[in-house]
Amino acid sequence: MKSIAKRIVVFLLLSLLIIPSAALFPEAAEGYSWVGSWSTSPIRDGIMVNNTRLTDFLVNTSCRTVVQMTLGGENIRFKLTNRYGGMPVIINTTAVSRTDPNDTSAILPGSTVPVTFNGGSRSVVIPAGKDVYTDPIPMRVSALEFISIDFYVLNFTYISTAGLYGGITYLEQGYAVGDSDFPANAPMQLSVGAITYSTIPWLCNVDVWTNDACSYVFIGDSTITNQAPYYLAEQLQRSGHTKIGILQQAIIGNRLLHDGTTSGSVAGCLYGDSIINRFQKDALEQPGVEKIFVKVGVNDIIHPRTRSMSGTSPMSSFEEITEGYRNLIDRAHAAGKKIYFFSRTAWKGYDRDFGLIAGREPDVVWTQEAQDLTNSLNVWLAANKDIDGYIDLSVLSDPADPTRLLDIYTTDHAHLTDLGARVLVDQIPDWYLDVSGRISIVDLYNRGEGGVRILTPYNDGNDPTALVVTTVPKTTAPRTTRAPATTKAPATTKGPDYSAYTTAAPATTRGGSAATTAAQSPAAPTILVPVAEDTITVPTVTVPVEVTEPTTGETPIEPEKKMSAAAKAGIIVGSILLVGGISVLAVYLVAKKNKKDSRPPKTFPVYKPSADKALNSHDNHAFVPLAVSPYTMPPDDIGEEREENTREEIEEFKGKYSIYTDSASFAGIGDDIFGGPESDAPADAPAADAAPTGDGAEGEPDGE
């Protein structure tokens, strides 16, 4: 019985475990987690002029950043960063919408979802040097879909931290969060020679809440700051591998060992922290990351050999660079991630002609010594057994001169065209990605079946300021745009109306020269102005309406648990098992109690002579106890009551068989047990009515 009880207890415990696990963690049981779907690497925004940093700022401005998802999910969240800011950033309102495929500055009607922080606040404070997450946003997104994220900034705010690749940001003066379009159509861009920087204020990650998925990080320099990660995402999705997000963490001008310089080069400060210094945040800590693909090292060779950064950008030796690679390998493996390296691509003919040097003389000249160092690094990586894989990109080189890239693959002899980026993607072996059967992304586009993209930072044409934008051809009539307004009509559905308050006049930079808009466009509002952070007088904007008190957000919040079909089934099964188990236990306990109350009483042996034996032997009174039969009586009754009950049974036995023999035949039955009916004499004492023996008479004993 004890084993049965144990089984029932175990059964009930299992039933109790099923219900809480299904009800409280319905998604976790199915592998749900936050996984990266889009990212960019933040840098310290601004350019250096005469050792003075000019930084963009916003005031009473709405900005719309358009990004492309590489992984779909049930909910989304954003991470905003003020990593390089010297003061808090206050964002008053945020929303997210689906991007109009015919116009990246517009959104689809009815698709806007408000964004909150810290459990419900519409505004947020991003402390200096910190990151914040939004609350989970109830918006399902698909892989390769474009979404538009709107911010509204009321008071004067520096854009000290921004990404420079992976999206495009439009500006609109006043409160325009959730507006159908941003008619000013002024993207936040800065073109320097062949490079177009597209500023992405504060936004650095978009994650999705999904199950059984992971992300792969592409981290490196300008030779991977292109569409390659997005082409890989498209290739995987089109090949049926829908559970992998691709994260772009490359920075133009980035180096393995040294941070971007703040002197000597106008754009040197935009080159970001070194890979060694940002590897933890930008690679290892990305949500859901399992693999890291690295392409870096060419700037550690080129930058110290340029005219613009000579003496300010440290030289790096072969030993130092390979030691840096070892550092990345060890840290990745210690974190349980796999790490792969691309080869350093050819760069002969690249002169960094960005107009940064007077007379437009080449900023760098290829040398055999620099090429030898490049080749040595590739040989070292290809032979290294500690890395998880090496991707040889020599297919991009000119067969007639392997130190040069083929013209069809490069814009400036160092950076890749879109075709070059697609070729790069096709060189990644399937087994590095844990997939099989990938279609060729090059073939896909050659057939005209490729998707769309937002921009590439390297121009394919000759216009140094042209932005390369590819969108789906318009299928509707052109929309009528309106001129940028300094005021807006009061809004009734989208929060406080800040439209009646104009901005302060543009500030001037040190030296007296008027600051101009970063977009360099006559249509751009006069609210995005690069200024010296230490020379600006901050204007004040007074708002006569109540504004939601900003909150500081740092801890990501999990989305509300959704009750999946599997969770519901688990609850039903668990409930049935629990009820059944309780019922079985109750029946068992009741049965056990009844059994205890009605169990057979204790038994005692009683000598019963065989009736046949008794009848056949009555002449000589030979009664032999041939059988022992149990006689029932209450288990706790002892002593005289037991004796009397036994005597009664014997007497009943005598009466039953008296018809066959004389009663004397039964005389003495039971006396051997109880010592006679009325006496305590021993069992072997002669009976009181027995005939005397010997010569004595009348029962008197013989003589002395």
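Things worth noting here:
- Net charge of Cβ neighbours under 10 Å - reference Lys281; Lys, Arg +1; Asp, Glu -1: -2
- Cα pair distances in region 300-345, grouped into 10 Å bins until the bin that holds the longest one, percent each: 24, 37, 29, 10, 0
- Counted charge near Val208, where neighbours are those whose Cβ lies closer than 12 Å (Asp, Glu -1; Lys, Arg +1): 0
- Shape summary of region 274-425, radius of gyration then Dmax from alpha carbon positions: 16.3, 51 Å.
- Sum of side-chain charges, Leu433 neighbourhood, beta-carbon under 15 Å (Lys, Arg +1; Asp, Glu -1): 0
- Region 53-148 - convex hull of the alpha-carbon atoms, volume per residue in Å³: 126
- Members of Lys130/Lys291; Lys281/Lys385; Lys79/Lys338; Lys295/Lys385; Lys281/Lys338 lying beyond 22 Å, as alpha-carbon distances in this model show: Lys130/Lys291; Lys281/Lys385; Lys79/Lys338
- Per residue accessible area in Å² of region 117-215, where ligands, DNA and RNA are left out and the probe is 1.4 Å: 21
- Protein-only accessible surface order, largest first, of Asp412, Asp351, Asp207 at 1.4 Å: Asp351, Asp412, Asp207
- Share of pairwise Cα separations in region 212-328, more than 18 Å, in percent: 53
- Full extension of the chain between Asp392 and Glu449 gives 17.8 nm of extra length, using 0.36 nm per residue less the Cα-Cα distance.
- The accessible-area ordering, largest first, of the residues Glu145, Glu290 stands as Glu290, Glu145, per a 1.4 angstrom probe.
- The simple Förster model, with R0 at 30 Å and r as the Cβ-Cβ distance, assigns Asn211 and Ile439 a FRET efficiency of 0.75.
- Region 93-242 - Debye-derived log10 I(q)/I(0), Cα point model, q = 0.09, 0.17, 0.18 Å⁻¹: -0.33, -1.27, -1.42
- Cα-Cα separations in region 198-264 greater than 20 Å, expressed as whole percent: 42
The values are calculated or read from the model by the stated rules, or taken from the named source; none is laboratory data. If you're wondering where the values come from, they're calculated on a predicted model, not measured in any experiment. Cβ: placed from backbone, ideal geometry, glycine included. Neighbour counts: every protein chain shown. These accessible areas exclude ligands, DNA and RNA; they are computed on the full protein's heavy atoms, side chains included. Shrake-Rupley method; radii C 1.70, N 1.55, O 1.52, S 1.80 Å.
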